[in-house]
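Only one structure is covered here, and it is reproduced in the block below.
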Amino acid sequence: MTKERLIIIGSLSALALAVAFLIMPALDSLNADRQFVAEKKSTLEQITSFNQKIEEMNRQYKAEELERLLSILPKEEELPSLLIQLEALATGNGLIMESVDFSEIAQTSETAPPRPSPELQNVFPQSQETSGESASLNPQEVQSALYKILAVRLKLSGGYGAFKNYLQAVEKNLRLMDVSSLDLNTSSGTAQNFAFSVNLQVYYQ
């Protein structure tokens, strides 16, 4: 065997060893890295999708909370909607709404503000606390900045039990309203039917 052949055989053997011990492990490592990257990419896509769902849920939750807040304390008087609610409260509890009258309660420094309901205090807890700039305002100015009050005078007729249920329904109604006074007229009623006068305070922004 000539010297040249020995050199060629040695070179081929060295190349084979290099492929076996250097290149093949590198290729295996590259394939493993590609698989690792693919797995991480899939995980990242899942995390991104999850975060998007969370953001969408947050937006939906905020929208629902805003809608609920506007139902509790609308930005305007919304008399048509209020009239429907008052009629539903009466008929839903077995009463007849004979008449209804609306008027805004003027809030001035000469008149003490009506005491807000506990529900309204929960919506605007800062109305019970004054700090910073609001500390320089009197209670009427603070209240007027937070909400307005609509006076509602109702004439109802029906049974006494139905009227008790009506008062409970008013207390649980989504839109904030308080009973400021009521009167039972027995002279115009019968043993099963009475005439009721109810004054409500309905709140709005």
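The values are calculated or read from the model by the stated rules, or taken from the named source; none is laboratory data. These figures come from a predicted structure and were not determined experimentally. Here the Cβ is made from the backbone with ideal geometry for all residues, glycine too, and neighbour counts use every protein chain on show.
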remark   = Within region 158-203, the count of residues that are of a type outside the set (Asp, Glu), assigned to a strand (DSSP E or B) and surrounded by fewer than 19 Cβ atoms within 10 Å (Cβ to Cβ) comes to 9
remark   = Counting only residues in region 73-93 that are over 21 Å from the mean Cα position of the chain (by Cα) and assigned to a loop (DSSP other than H, G, I, E, B), the one surrounded by the fewest Cβ atoms within 10 Å (Cβ to Cβ) is identified as GLY92
request  = Starting from region 179-204, keep only residues that are farther than 20 Å from GLN168 by Cα and at pLDDT below 80, then list their pairs with residues that are hydrophobic (A, V, I, L, M, F, W, C) and surrounded by 10 or more Cβ atoms within 10 Å (Cβ to Cβ) whose Cβ atoms are within a distance under 7 Å, requiring at least 6 positions of separation or different chains.
outcome  = THR186/PHE194; SER188/ALA195; GLY189/ALA195
